[in-house]
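Single-structure report; data block below.
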Amino acid sequence: MAISQSSDWSATQYLKFGDERTRAVRDLLAQIPLQSPKRIVDLGCGPGNSTEVLANRYPQARLTGMDSSPNMLEKARATLPNVEFVQGDLSSYVPDEPADLLFSNAVFHWLRDAERFPAMTRLIESQPSGGIFAFQVPDNFLEPSHTLMRETAAEGPWADTLKDLNPALDPMASPQRIYNELKPLCTSVNIWHSHYHHVLEGPEAIVEWVKGTGLQPFINPLSSELKEGYLKAYLGRISQAYPRLNDGKVMLRYPRLFVVAVRA
Ligand SMILES: C[S@@+](CC[C@H](N)C(=O)[O-])C[C@H]1O[C@@H](n2cnc3c(N)ncnc32)[C@H](O)[C@@H]1O
């Protein structure tokens, strides 16, 4: 079953932590061994933050941002009026011409596990030899920020509404599985993890952070009363799991998985 979004993304909510979220874009790009690609697609470009980093690094390339969210695309077009943005779904999208670089930051985890490798395979198969397929995804299924979404969902008056919706994103595949799936199409598959430790003002900020992304499928289907109750219960759990630092702030550990594959 597809992940129930049940309302559009909010670029404004997402960009509350834009600097932190975009850091992984730069870290992924730093490992891409291309000097002057001619054709680039930013898959799941969101509000254009990742697209902007790509545009600055490769100003000569024909660059397209694609995303499924009208709200995100509107923001992206306003921010980067000279870049082409198209609406599309990663699970079926194929670029209009072979791309030297297919780049995707923080998107593939939004597909169900069963959809991810078929989509990646189709996209890599569309690339020329030597093309780069690069993506980053949060790998936080077992982090308290995410286990507590699921725990909160299971207990409370919202449990009935949420139990059939399967609102949690599927865990990311292991590096071994990623390698085994992609290697038949690629000359190399470079995989690594980085653990970011984001210092945020307090537990409320952790809730605000995930409200821009992984918490949406949990709260969007709820009435405003249930949503308020869910968020209060979730915040209570988050406050316990993320104790204050000496200066009163909290530290959000955020593991991310990176892959740079070279098309055979
Ligand atoms: C976390 S944001 C990433 C935005 C940007 N790439 C960045 O680096 O911050 C995830 C984006 O993926 C998009 N998305 C989710 N599922 C998608 C799908 N099936 N097809 C295309 N875009 C999708 C969402 O609309 C959202 O803009």
| request: Heads up, I need the accessible area for ASP100: 1.4 angstrom probe, whole protein in place, Å², nearest 10. | output: 40
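Under a Cβ-Cβ cut-off of 14 Å, what is the net charge of the residues other than MET172 that fall near it, where Lys and Arg count +1 and Asp and Glu count -1?
Details: positive: ARG112, ARG116, ARG177, ARG256; negative: ASP113, GLU115, ASP139, GLU143, ASP170, GLU181.
Combined, the nearby Lys, Arg, Asp and Glu give -2.
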| request: Roll a 1.4 Å probe over the protein heavy atoms and report the accessible area of ARG62 in Å², nearest 10. | output: 90
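Given contacts defined as C-alpha pairs under 8 Å and at least six residues apart, what's the relative contact order of region 1-137, whole-number percent? Show your work: numbers first, answer last.
Values: 220 pairs, mean separation 36.9, N = 137.
Computed over region 1-137, the figure is 27 percent.
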| In sequence order, what are the phi-derived ³J(HN,Hα) couplings for region 210-225 according to the Karplus relation 6.51 cos²θ - 1.76 cosθ + 1.60 with θ = phi - 60°, rounded to whole Hz, with x for glycine and proline? | 6, 4, x, 9, x, 7, 3, x, 7, 9, 4, x, 8, 5, 4, 5
| query | Given the options PHE108, PHE135, PHE117, which has the most mean-square fluctuation in a GNM of the chain, springs set between C-alpha atoms less than 10 angstrom apart? | reply | PHE117
| request: Could you grab the Rg to Rh ratio for the chain? Cα atoms only, Kirkwood for Rh. | output: 0.97
| Highest-fluctuation residue, PRO138, PRO157, PRO221 considered, GNM on the chain with Cα pairs under 10 Å | PRO157
| note | Placing +1 on each Lys and Arg Cβ and -1 on each Asp and Glu Cβ in region 11-263, then taking the dipole about the Cα centre, the residue among LEU162, SER223, VAL250 whose Cα reaches farthest towards the positive end is VAL250
| task | Report, by chain and number, residues whose modeled amide H sits under 5 Å from the one on ASP100, excluding near sequence neighbours (fewer than 5 apart, same chain). | result | LYS38, ARG39
| task | Just add up the charged neighbours of LEU185: K/R +1, D/E -1, any other residue whose Cβ is under 13 Å from the Cβ of LEU185. | result | +1
| message | Leaving out ligands and nucleic acids, and using a 1.4 Å probe, what accessible area per residue does region 147-264 come to in Å²? | response | 48
| note | Counting only protein heavy atoms and leaving out ligands, DNA and RNA, the solvent-accessible surface of HIS197 at a 1.4 Å probe, in Å² to the nearest 10, equals 100
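Express the carbon and sulfur contribution to the solvent-accessible surface of the chain as a percent, rounded to the nearest whole number, probe 1.4 angstrom. Each step should come with its number before you reach the end.
Values: 5880 of 11800 Å².
In the chain, the share of accessible area belonging to carbon and sulfur is 50 percent.
Determine the relative contact order of region 11-263: mean sequence separation of Cα pairs under 8 Å and six or more apart, normalised by residue count, in whole percent. Walk me through the intermediate numbers first.
Details: 423 pairs, mean separation 55.5, N = 253.
That works out to 22 percent.
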| task | Search the structure for amide H atoms under 5 Å from the amide H of GLY44, placed 1.01 Å from N in the peptide plane, and list their residues when 5 or more places away or on another chain. | result | MET66, ASP67
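The values are calculated or read from the model by the stated rules, or taken from the named source; none is laboratory data. Note that the structure is predicted; figures quoted are calculated from it, not measured. Neighbour counts are summed over all protein chains in view; Cβ atoms, including those assigned to glycine, are modelled from backbone coordinates with ideal geometry. Side chains included, ligands, DNA and RNA excluded: accessible areas come from the protein's heavy atoms. Shrake-Rupley method; radii C 1.70, N 1.55, O 1.52, S 1.80 Å.
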